[in-house]
Amino acid sequence: NLRSTTLCLAVQLTDAYIISNLSSLQVAQCQLVAIVCTWISAKFEETDDMLPSLKNLGEVCDGAYTADQILTMEEQVLEGFRWRLPHSTCLNFLYLYLHMHGHPSVARQI
(Lines give C-alpha, C1' and ligand atoms only; values in the text may rest on other atoms or scores of the structure.)
Protein backbone atom coordinates (compact mmCIF):
# COMPACT_ATOMS: atom_id res chain seq x y z
CA ASN A 1 0.00 0.00 0.00
CA LEU A 2 2.70 2.46 -0.95
CA ARG A 3 1.99 5.83 -2.52
CA SER A 4 2.35 6.19 -6.27
CA THR A 5 5.12 8.75 -5.73
CA THR A 6 7.07 6.15 -3.75
CA LEU A 7 6.80 3.61 -6.52
CA CYS A 8 7.68 6.14 -9.21
CA LEU A 9 10.80 7.22 -7.31
CA ALA A 10 11.71 3.57 -6.65
CA VAL A 11 11.63 2.80 -10.37
CA GLN A 12 13.73 5.87 -11.14
CA LEU A 13 16.34 4.96 -8.52
CA THR A 14 16.42 1.31 -9.56
CA ASP A 15 16.87 2.16 -13.23
CA ALA A 16 19.58 4.71 -12.53
CA TYR A 17 21.53 2.40 -10.21
CA ILE A 18 21.33 -0.63 -12.49
CA ILE A 19 22.33 1.37 -15.57
CA SER A 20 25.31 2.91 -13.80
CA ASN A 21 26.47 -0.51 -12.56
CA LEU A 22 25.82 -2.73 -15.59
CA SER A 23 29.36 -4.04 -15.72
CA SER A 24 29.61 -5.03 -12.06
CA LEU A 25 26.05 -5.86 -10.97
CA GLN A 26 25.02 -9.49 -11.14
CA VAL A 27 21.58 -10.27 -12.54
CA ALA A 28 20.73 -12.09 -9.30
CA GLN A 29 21.15 -8.80 -7.40
CA CYS A 30 18.64 -6.81 -9.47
CA GLN A 31 15.67 -7.80 -7.29
CA LEU A 32 17.62 -6.84 -4.19
CA VAL A 33 18.47 -3.46 -5.75
CA ALA A 34 14.79 -2.92 -6.59
CA ILE A 35 13.58 -3.72 -3.08
CA VAL A 36 16.27 -1.49 -1.55
CA CYS A 37 15.36 1.39 -3.87
CA THR A 38 11.72 0.93 -2.88
CA TRP A 39 12.72 1.16 0.77
CA ILE A 40 14.84 4.26 0.18
CA SER A 41 11.97 5.86 -1.74
CA ALA A 42 9.52 5.04 1.04
CA LYS A 43 11.77 6.86 3.49
CA PHE A 44 11.27 9.99 1.37
CA GLU A 45 7.60 9.66 0.50
CA GLU A 46 5.79 7.69 3.21
CA THR A 47 4.79 8.63 6.73
CA ASP A 48 6.52 6.72 9.52
CA ASP A 49 3.50 4.49 10.15
CA MET A 50 3.42 3.40 6.48
CA LEU A 51 7.15 2.75 6.13
CA PRO A 52 7.76 -0.94 5.40
CA SER A 53 9.95 -2.80 7.85
CA LEU A 54 12.98 -4.87 6.94
CA LYS A 55 10.91 -7.95 7.78
CA ASN A 56 8.20 -6.87 5.32
CA LEU A 57 10.78 -6.25 2.60
CA GLY A 58 12.21 -9.71 3.11
CA GLU A 59 8.73 -11.25 2.92
CA VAL A 60 7.98 -9.47 -0.36
CA CYS A 61 10.94 -11.35 -1.83
CA ASP A 62 9.83 -14.68 -0.31
CA GLY A 63 12.69 -14.52 2.18
CA ALA A 64 15.33 -14.37 -0.55
CA TYR A 65 17.31 -11.72 1.35
CA THR A 66 18.24 -11.21 4.97
CA ALA A 67 18.04 -7.89 6.79
CA ASP A 68 21.85 -7.69 6.64
CA GLN A 69 21.85 -8.17 2.85
CA ILE A 70 19.23 -5.43 2.47
CA LEU A 71 21.18 -3.03 4.69
CA THR A 72 24.46 -3.78 2.90
CA MET A 73 22.88 -3.18 -0.50
CA GLU A 74 21.24 0.01 0.79
CA GLU A 75 24.68 1.34 1.68
CA GLN A 76 26.02 0.35 -1.76
CA VAL A 77 23.12 2.07 -3.53
CA LEU A 78 23.52 5.25 -1.47
CA GLU A 79 27.27 5.24 -2.11
CA GLY A 80 26.58 4.65 -5.80
CA PHE A 81 24.56 7.86 -5.83
CA ARG A 82 27.21 9.52 -3.64
CA TRP A 83 24.39 10.09 -1.15
CA ARG A 84 22.80 12.59 -3.59
CA LEU A 85 19.53 10.98 -4.53
CA PRO A 86 17.40 12.38 -7.33
CA HIS A 87 14.06 13.17 -5.77
CA SER A 88 12.03 14.70 -8.59
CA THR A 89 9.99 12.38 -10.76
CA CYS A 90 7.53 12.82 -13.59
CA LEU A 91 4.74 12.22 -11.09
CA ASN A 92 5.98 15.05 -8.85
CA PHE A 93 5.94 17.32 -11.89
CA LEU A 94 2.40 16.21 -12.78
CA TYR A 95 1.16 16.96 -9.24
CA LEU A 96 2.75 20.41 -9.34
CA TYR A 97 1.35 21.12 -12.80
CA LEU A 98 -2.19 20.12 -11.81
CA HIS A 99 -2.05 22.24 -8.65
CA MET A 100 -0.71 25.26 -10.51
CA HIS A 101 -3.50 25.01 -13.07
CA GLY A 102 -6.30 24.71 -10.52
CA HIS A 103 -6.91 20.97 -10.51
CA PRO A 104 -5.82 19.78 -7.04
CA SER A 105 -8.71 17.29 -6.83
CA VAL A 106 -7.40 15.50 -9.93
CA ALA A 107 -3.91 15.35 -8.41
CA ARG A 108 -5.29 13.65 -5.29
CA GLN A 109 -6.89 10.91 -7.41
CA ILE A 110 -3.59 9.84 -8.98
Solvent-accessible ranking of MET100, MET50, largest area first, probe 1.4 Å: MET100, MET50
Accessible-area value, TYR65, 1.4 Å probe, nucleic acids and ligands omitted, Å²: 40 Å²
Accessible area in the full protein assembly, largest first, 1.4 Å probe, for CYS30, CYS37: CYS30, CYS37
Probe 1.4 Å, all protein chains present, accessible-area order of VAL11, VAL77, largest first: VAL11, VAL77
Exposure of PHE44 as accessible area (Å², to 10), given a probe of 1.4 Å and all protein chains: 100 Å²
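The values are calculated or read from the model by the stated rules, or taken from the named source; none is laboratory data. Because the structure is a prediction, the values reported are computed rather than measured. For the accessible areas, the whole protein counts, side chains as well, though only heavy atoms, and no ligand, DNA or RNA atoms are used. Shrake-Rupley method; radii C 1.70, N 1.55, O 1.52, S 1.80 Å.
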